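Remarks on the structure that follows.
Every read-out reported here was derived from the displayed coordinates using simple, explicitly stated rules and does not represent laboratory data. Here the structure is a predicted model, which means the values were calculated and not measured. In this analysis, Cβ positions are derived from the backbone assuming ideal geometry, glycine residues included, and neighbour counts consider all displayed protein chains.
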């Protein structure tokens with residue numbers, strides 16, 4: 001164990017070993033200023049528990065922010081949970097930090113902070129900066145280190161090209177607990193992080209996804225929150241193993257050239273007794289005014305973004321996952337609720353800001369600082385916003401008056417597209433605007449197209465049963481929908497189970513319906529998604545200009561009655577251009593004619609009706625007839641065969 005690089009109080013060298021807690025500090029004056037100002041991004045190096053050596057004595061340094069506390073002590077197995085055994089020192093400044101070094105406390109000890117409030121209440125709290133917690137329903141923090149020898153140097157060196165806006169990004173969204181279980185009927189049966197290396201990593205590789213997105217891996221007390229109501233902002237959940245085990249899982253993904261995106265929730269937290277709510281008896285982390293500080297939808301509490309210490313806490317949490325756990329991206333949850341004072345509130349339930357608007361000014365400033373800080377420190381990651389409103393410039397740089405994210409979920413596309421596909425094909429001709437509207441606003445943001453977990457829960461039905469028609473038509477429609485998503489500009493996200501057409505809504509208490517893969521229809525859907533991933537990554541035109549206006553062109557929207565849509569995806573080189581034809585009805589169209597500018601020779605490179613996908617496989621284009629209309633203008637007429645409810649891609 002190496003001696004720590006300490007910055008002490010002026011009493012540093014007055015060490016009385018007869019006292020159970022030594023008055024010692026890791027904080028510099030600059031740390032305190034930055035912390036209070038809301039710009040400190042490495043508080044995880046200072047707060048929490050740190051196993052160190054002080055003047056030749058091994059032990060653990062503890063520090064916690066409790067500005068309204070009368071007294072703070074560390075309780076744990078090492079002192080029989082005696083609230084009087086290890087009382088921390090309050091810094092003699094305005095920081096509100098309590099700290100101290102306890103000799104002979106090492107890794108693996110259970111502990112909490114006992115806090116005496118201004119009203120002389122005695123409350124026990126977990127450590128907000130702990131890196132390891134007991135497995136729920138237990139709630140103690142655990143002293144631990146984050147020592148680990150990373151094996152992903154090659155990935156970290158090259159990941160910039162995998163995360164770039166002109167690179168293919170196909171994301172597999174996963175809830176780790178319910179993806180697969182050792183005992184599928186036991187809610188308490190989990191695959192460990194180490195088992196996920198053996199099972200999940202090769203599956204994502206087989207499917208051809210470029211990235212995996214993990215629903216919140218941060219420690220949380222209630223399984224039913226899916227991780228979105230967390231208590232451990234600096235700890236991977238102990239449900240699946242140790243922090244080092246999680247590092248090994250990230251390492252394993254990186255060694256297969258798969259990026260890891262983490263869901264992160266800086267919008268709200270639960271009111272569990274051991275968590276952040278009323279941490280020192282007062283509204284420490286949350287707004288005191290419930291009009292700003294309480295989420296009516298989620299029965300949770302909203303971070304006080306006006307408080308510098310809270311901003312530094314959140315800033316450090318996001319930085320922590322990129323720094324210590326090598327995250328390749330952060331997907332920020334519920335951004336709309338962060339930015340808007342009137343989010344899910346009626347008139348009279350919220351107060352306008354100083355300019356008379358509905359924006360939370362300090363929250364807006366925090367989000368901009370968050371993105372600026374992380375992109376400055378980790379320029380090769382992606383910051384992704386789950387933002388469901390028309391708030392402008394979410395994915396534009398802050399120097400362009402944007403919010404600074406790299407990408408934004410395209411919720412409008414998702415809702416419009418699902419609404420369209422739910423219509424019986426005979427009526428779709430009356431709803432073409434739902435299908436084509438996305439390109440009217442696509443270039444306002446850098447969009448990721450999501451078919452996420454939220455669309456297959458709470459009575460919304462699985463993806464397959466959103467589709468109309470008999471079984472064959474349902475599968476054909478779903479293959480067509482997925483094809484449209486992969487061929488539309490933008491990054492892609494598909495929730496687990498969608499890739500093989502689950503027949504039940506997602507249930508966090510069970511596992512995916514892996515037995516469905518014994519059926520050709522479901523296995524065919526899986527094969528279709530695999531081929532779409534390969535197509536997306538193999539064809540430059542599908543990603544090189546996915547966020548540029550000249551990367552897309554409508555070719556023909558004049559076939560509303562037939563419900564046939566034609567567009568081009570364009571690469572840097574014209575030879576890479578693709579012609580996409582979508583037949584959105586169950587009617588087979590042979591020798592269907594379309595006029596295009598371009599080449600005299602075309603070949604079919606993808607057909608969603610392929611027999612390997614459980615399509616009929618009998619309507620395809622081995623040879624494509626091309627007729628010259630204007631040689632000088634390179635204008636041609638081509639005839640193609642369009643299977644029912646299918647996507648055909650020509651090159």
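General observations
- Separation of the residue 290 and residue 632 label points, Cα + 7 Å toward Cβ, nm: 7.7 nm
- Extension gain (nm, one decimal) between residue 198 and residue 353, 0.36 nm per residue minus Cα-Cα: 50.7 nm
- Considering only beta bridges that DSSP places wholly inside the chain, some 70 percent are antiparallel.
- Debye log10 I(q)/I(0) for the stretch 307-442, one point scatterer per Cα, at q = 0.17, 0.22 Å⁻¹: -0.98, -1.29
- Alpha-carbon Debye profile of the chain, log10 I(q)/I(0) at 0.05, 0.07, 0.09 Å⁻¹: -0.27, -0.50, -0.78
- Relative contact order computed over the chain (Cα-Cα under 8 Å; 6+ residues apart), in percent: 10 percent
- Kirkwood Rh, Cα atoms: Rg over Rh of the stretch 220-328: 1.01
- Inter-site label distance for residue 344 and residue 461 at 7 Å from Cα along Cβ, in nm: 2.6 nm
- Given R0 = 45 Å, the distance between the Cβ atoms of residue 538 and residue 84 translates into a calculated FRET efficiency of 0.10.
- Long-range tail of P(r) for the stretch 468-577 (Cα pairs > 22 Å, %): 45 percent
- Per principal axis, descending, Cα span of the stretch 29-142 in whole Å: 39, 36, 29
- Residue 189-residue 521 FRET efficiency (beta carbon distance; Förster radius 22 Å; 0.05 resolution): 0.20
- Remark: the residue 424-residue 390 segment gains 9.3 nm on full extension, using 0.36 nm per residue and subtracting the alpha carbon distance.
- Computed label-point distance, nm, for sites residue 471 and residue 119 using a 7 Å Cα→Cβ extension: 6.2 nm
- Length gained on full extension, residue 94 to residue 29: 22.3 nm, using 0.36 nm per residue less the C-alpha separation.
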